[in-house]
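The values are calculated or read from the model by the stated rules, or taken from the named source; none is laboratory data. Nothing here was measured: the structure is a model prediction, and the numbers come from that model. Here the Cβ positions follow ideal geometry from the backbone for every residue, glycine too, while neighbour counts run over all protein chains shown. Ligands, DNA and RNA are excluded from the accessible area calculation, which covers all protein heavy atoms including side chains. Shrake-Rupley method; radii C 1.70, N 1.55, O 1.52, S 1.80 Å.
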Amino acid sequence: MKPDYGDLVAAAAEVWRRAYAPYSQFSVGAAVLAGGRTFTGCNVENASHGLTICAERAAVCAAIAAGERAVEAVAIVTDTAQPTAPCGACRQVLREFGTAVVVISATVRGARSVHQLSDLLPASFGPEDLGYRG
Ligand code: THU
């Protein structure tokens, strides 16, 4: 049976509450599953807008800082009518740590869509292109 990643979505929903998004008012929570452990992140905006950090990238950084390398799945939670897909920059950062990453986009009210990263970022550039194979 395929995992439903319900706990991962719950972790993303929890950290969504702590997003710092005073400029866009668009809060995002993310949870990464790596090595069987869950790591969370939220978007952190900045008065110098270009310095904003997306939730997905914050969660990936937490996983890597904890010593994980292989990302199995990421859940993204927003308060929107439709689930929100990860931005292009976050897709590329996720891709660094796996092409088979399951991406679960969910809303705070329970709508969901599930994709594989390789479908969201086809024909991608990655570590192998630089000869790096871990
Ligand atoms: N944002 C994310 O956290 N993740 C995404 O994949 C898309 C955008 C944040 C950045 C900014 O704080 C707000 O959403 C609006 O763009």
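Points to keep in mind about this one:
- If you model segment 6-130 as an ellipsoid using its alpha carbon gyration tensor, with each semi-axis the square root of five times an eigenvalue, the axes come out at 21, 16, 14 Å, biggest first.
- Counting only DSSP H runs of at least 4 residues, each contributing -39500 (n - 2.57), and dividing by the residue count of the chain, the helix-based mean residue ellipticity at 222 nm comes to -7000 deg cm²/dmol.
- Annotation: Cα Rg of segment 63-134 relative to the compact-globule expectation 2.2 N^0.38 Å equals 1.18.
- Label-to-label distance for D7 and A123 is 3.9 nm, based on points extended 7 Å past Cα in the beta-carbon direction.
- Assigned charges on the beta-carbon of Lys, Arg, Asp, Glu; the chain dipole about Cα centre (debye): 120
- A crude spin-label estimate for the pair A47 and Q25, with each label 7 Å from Cα along the Cβ direction, gives 2.1 nm.
- Å² of accessible area per residue within the chain, as computed with a 1.4 Å probe and no ligands counted: 54
- Solvent-accessible area of the chain (1.4 angstrom probe, protein heavy atoms only): carbon and sulfur portion equals 55 percent.
- Under 12 Å, Cβ to Cβ, from L8 - net charge with Lys/Arg +1 and Asp/Glu -1: -2
- DSSP bridge pairs, segment 6-130: antiparallel proportion in percent, nearest 5: 75
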